[in-house]
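Quick notes on the structure that follows.
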Amino acid sequence: MTAPAIRARNLRKNYGDVQALDGLDLTVERGEFFGLLGPNGAGKTTFINTLVGLVHKDGGDAEVFGFDVEADYREARDRIGLAPQEFNVDRFFPIIEVLEHKAGYHGIGSKEARRRAEDALKTVGIWDKRDTRFDWLSGGMKRRFVLARALVSNPDLLILDEPTAGVDVQLRHDLWDIINRMNDAGTTILLTTHYIEEAERLCDRVAIMDSGSKVEVAAPDDLMARGTDTIDLGLAD
Ligand code: ATP
């Protein structure tokens, strides 16, 4: 049997007294475009950080394509591209070199790393900025770059933590187009958002999280059709 893209079972993470993940059960199938909704502090980012190994779980299981995210760290991590909410990008090198370095981290040889870096910058529309440092990009270009960095390893699972928070409408639509193309080409997507339009337009299914666990999984249209008075989706104004 083929393992799903993501499988979390009874996943737990505490920060002191705060139960950031409180027995989360969640499965994302291969090829799905899956959304995570929920109010601030629901545990969405903690879940993502657990999948990529930035946070160590306190209990339960998490697998990516059948690889345990802790025991099989390298195997799991090489399948994931992450565009995080908080950027932490090397500021001393031109962005194309940052991408080549990232590809190298995934064990990709230098010639292929260069090709991947070029492709990624073209895909997100900032090829002309390839020799610029990250700090010198505009806010919107930084968003594009962070997506390029996630793409450079050709991930099977793309995780996007609020990829369009605070961007203008044009860029939001551009990013949606790019992400949709990735999904059409077979990449599984896990995306967090506070925008219902984003969830409705992009996602096959969404999970609603609150207080560290899953409240519900539904197709976005079903959720809206039923009304959302009883569930806090954590939507932006
Ligand atoms: P948002 O929508 O605001 O991004 P979120 O759903 O992603 O929120 P998390 O960032 O995962 O939620 O936070 C879950 C809980 O864990 C919150 O109560 C938060 O304050 C707490 N938390 C997250 N990271 C840490 C940390 N490094 N140290 C202590 N507490 C943390």
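Every read-out reported here was derived from the displayed coordinates using simple, explicitly stated rules and does not represent laboratory data. As the structure is a computational prediction, the values presented were derived from the model and not from experiment. Cβ sites come from the backbone with ideal geometry, for glycine too, and all protein chains shown count toward neighbours.
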With +1 at each Lys and Arg Cβ and -1 at each Asp and Glu Cβ, the charge dipole magnitude of the chain around its Cα centre, to the nearest 20 debye, comes out at 880
Using a 7 Å offset from Cα along Cα-Cβ at Arg133, what residues in region 90-108 end up with backbone N under 12 Å from the label point?
90-95
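Using only C-alpha atoms and all pairs of different ones, pull out the Kirkwood radius for the chain in Å with one decimal. Walk me through the numbers on the way to the answer.
Numbers: mean 1/r = 0.0550 Å⁻¹.
Every distinct Cα pair counted, the radius reaches 18.2 Å.
Any idea what the dipole of region 10-95 comes to, in debye rounded to 20, about its Cα centre with Lys/Arg Cβ at +1 and Asp/Glu Cβ at -1?
Numbers: 9 positive and 15 negative charges, 59 e Å.
Computed charge dipole of region 10-95: roughly 280 debye.
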Short version: what are the Cα gyration tensor semi-axes of region 178-237, square root of 5 times each eigenvalue, largest first, in whole Å?
22, 12, 11
If you take every DSSP beta bridge whose two residues both sit in the chain, what share of them, in percent to the nearest 5, is antiparallel?
55
With θ set to phi - 60°, apply the Karplus curve 6.51 cos²θ - 1.76 cosθ + 1.60 along region 158-169 and write out the HN-Hα couplings as whole Hz, x wherever there is a Gly or Pro.
9, 10, 10, 9, 6, x, 10, 4, x, 9, 6, 4
Cβ-derived FRET efficiency at R0 22 Å, Asn40 paired with Ile231, nearest 0.05
0.90
Cut-off under 5 Å, modelled amide H: who pairs with Lys214 long-range
Asp25
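Add -39500 (n - 2.57) for each DSSP H run of 4 or more in the chain, then divide by its residues: what number comes out at 222 nm, to the nearest 500 deg cm²/dmol?
Details: 8 runs with 83 residues, N = 237.
Roughly -10500 deg cm²/dmol at 222 nm, from the helical runs in the chain.
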What's the center-to-center distance, using Cα atoms, between region 81-104 and region 8-55 in Å?
24
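How much length is gained if the chain between His101 and Arg74 is pulled fully straight, taking 0.36 nm per residue apart and subtracting their Cα-Cα distance, in nm to one decimal? Please list the in-between numbers first.
Working: separation 27, 0.36 × 27 = 9.72 nm, distance 1.66 nm.
Result for the pair: 8.1 nm of gain on full extension.
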Where the centre of each part is set by its Cα atoms, how far does region 190-224 sit from region 132-168, in angstrom?
22
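Given all pairs of different Cα atoms, what value in angstroms does the Kirkwood hydrodynamic radius of region 100-215 take?
15.3
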Under a crude label model (7 Å from the Cα following the beta-carbon direction), how far is His173 from Glu118 in nanometres?
3.1
